[in-house]
Amino acid sequence: MSENDFSNIGFDYGVKPFFMLVGDIEFSDLFKKADCRGMLYIFEKGEKEEMIPVQMAFLFQNEEPAEKFLDILLGWIEKSNNDGEAVSIDFIENNKGGYTLSISPEINRFVERMIPKNLKDKVSPIIMVQTHYKEIDTLGKNYLNFKANYKRAEKISIGYVIGTTTKIIKQSKKYFTKKEFNFYKEDEIPANSMALGYKATKEISDFDPKKLPKPPKESIEEIAVRRISEMKSFLPLTYNKLNNLWLGEIQKKLTLKYDSEIIKQAICNLTIFERLKQIKELSSDFTKGGYQNRILDYLLSTYESFDSYYPTDDFYTEEKIIKQIQNDKKELETYLSK
């Protein structure tokens, strides 16, 4: 039987536990080591003699880190169903006649590939990703043509070359393709763009981290509705028993002070914790930090059945249920404060 102490932890079925997603930071370091000297844009003539972009390449000096850098981007793409748009490339035109290239994971595809499918609608992601910026001194003719005509291209190949602006020594064999690019003025970057961090790196006056958009907070009413739905989903037999007068006397007494669904949640949690204690293989630190996600994993992987374990009815004392209600309340308050 598990030695974990569940007496001081809570779990609210109405909230989505926080789930930390940390992006790759090595790609930025490799980009620096590859020593990018600029960008190459390659075109072909269209039907009306316009120059249609077909390829864009990073002009690197050092092949080994350049190859590793590209491999990381290709890894993002492979893990996103070979979708080249998993790499976000934005162009930020500054007020000095140049531009900055912004490279990062595309955030929606990043979340999609990082959160297991069974958790997608069950957790609140906290996202930390790196964006790399490369400054280019001038808005050259090729860049302006790329900007004007990239939408006419069926797809644009992206790789790297080793060499200088006048002599290409080697071209990467690997590449990826994408069609979506964003172009911004430095003082017009939208708040939902991954390139917004550029303002912080340049200390642009109108950048205020406190004004960044915040995720909408769920209302208490929304949480209450979800709490009932999730209890019915995860613990259908227990929830049904509670609605059919199981522990009826103690439920009735506690409803004088507490909401009936909060009481049911506390009893559900006490039941779940006792079931977890029956698992011999349960990790010795199950109740340490991050236990919310471990409880959620258990609920998602363990279907309640008529064989599911229940302690005897006398286990569910008024004192234990009130203590669990208090633990669950702290869990909700902590969630709402974040």
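When you go through R113, R109 one by one, which is the residue that is within 30 Å of P125 (Cβ to Cβ) and touching a helix residue (DSSP H, G or I) at 6+ places or on another chain (Cβ under 6 Å)? The conditions single out R109. I want to confirm something. Restricting to the stretch 219-247 and keeping residues that are within 15 Å of D313 (Cα to Cα) and of a type in the set (S, T, N, Q), which single residue is least open to solvent (accessible area, probe 1.4 Å)? In this case the residue turns out to be T238. The set of residues from the stretch 147-195 being aromatic (F, W, Y) and over 25 Å from P65 (Cβ atoms) comprises Y150, F183, Y184. Being exposed (fewer than 13 other Cβ atoms within 10 Å of the Cβ), within 23 Å of P17 (Cα to Cα), basic (K, R) and touching a Ser or Thr at 6+ places or on another chain (Cβ under 9 Å) holds for only one residue in K280, K338, and it is K338.
From the list I250, I263, I267, I272, the one residue that fits, being open to solvent by 20 Å² or more (accessible area, probe 1.4 Å) and among the β-branched types (V, I, T), is I250.
Inspection of the stretch 91-101 finds a residue satisfying the criterion of being among the charged types (D, E, K, R), without any contact (Cβ under 8 Å) to a residue 24 or more places away in the chain and open to solvent by 20 Å² or more (accessible area, probe 1.4 Å).
Cβ-Cβ contacts under 9 Å between residues 6 or more apart (or on different chains), taken from a first residue in the stretch 125-143 that is closer than 17 Å to C36 by Cα and without any contact (Cβ under 8 Å) to a residue 24 or more places away in the chain to a second residue that is surrounded by fewer than 17 Cβ atoms within 10 Å (Cβ to Cβ) and of a type in the set (K, R), are absent.
For first residues located in the stretch 288-314 and within 18 Å of D12 (Cα to Cα) and aliphatic (A, V, I, L, M), partners that are modelled with pLDDT under 90 and open to solvent by 70 Å² or more (accessible area, probe 1.4 Å) and lie 6+ apart or on another chain with Cβ distances below 9 Å form the pairs L300/N118. Note on the stretch 57-82: residues that are open to solvent by 50 Å² or more (accessible area, probe 1.4 Å) and within 18 Å of the chain's Cα centre (by Cα) amount to 3.
Checked against the criterion of being under 17 Å from K170 (Cβ atoms) and of a type outside the set (S, T, N, Q), the stretch 40-53 contains one or more residues that satisfy it. Take the conditions (1) within 20 Å of P105 (Cα to Cα); (2) touching a helix residue (DSSP H, G or I) at 6+ places or on another chain (Cβ under 7 Å); (3) not aromatic (F, W, Y); D29 misses just one of them, which is (2).
Given the criteria open to solvent by 70 Å² or more (accessible area, probe 1.4 Å) and either free of Cβ contacts under 8 Å to residues at least 12 places away in the same chain or in contact with a Lys or Arg (Cβ under 7 Å, 6 or more places away or on another chain) (or both), does L256 qualify? Yes, satisfied. Quick one: would you say L245 is modelled with pLDDT under 95, closer than 21 Å to F18 by Cα and out of contact with any Gly (no Cβ under 8 Å at 6 or more places or on another chain)? Judged against the criteria, L245 is not a match. Output the residues belonging to the stretch 33-67 that are free of Cβ contacts under 8 Å to residues at least 40 places away in the same chain and assigned to a helix (DSSP H, G or I). Correct list: K33, E64, P65. Within the stretch 12-25, residues that are among the small types (G, A, S) sit with their Cβ atoms under 7 Å from residues that are open to solvent by 10 Å² or more (accessible area, probe 1.4 Å) and in a loop (DSSP other than H, G, I, E, B), at 6+ positions apart or across chains, in these pairs: G23/V129; G23/Q130.
Consider the stretch 144-153 and keep the residues that are touching a residue at least 12 places away in the same chain (Cβ under 8 Å) and under 14 Å from E93 (Cα atoms). The one that is least open to solvent (accessible area, probe 1.4 Å) is F146.
The values are calculated or read from the model by the stated rules, or taken from the named source; none is laboratory data. None of the values given here were measured: they were computed from a predicted structure. Reconstructed Cβ throughout: ideal geometry from the backbone, glycine too, with neighbour counts over all protein chains shown. What goes into the accessible areas is simple: the full protein's heavy atoms, side chains included, and nothing from ligands, DNA or RNA. Shrake-Rupley method; radii C 1.70, N 1.55, O 1.52, S 1.80 Å.
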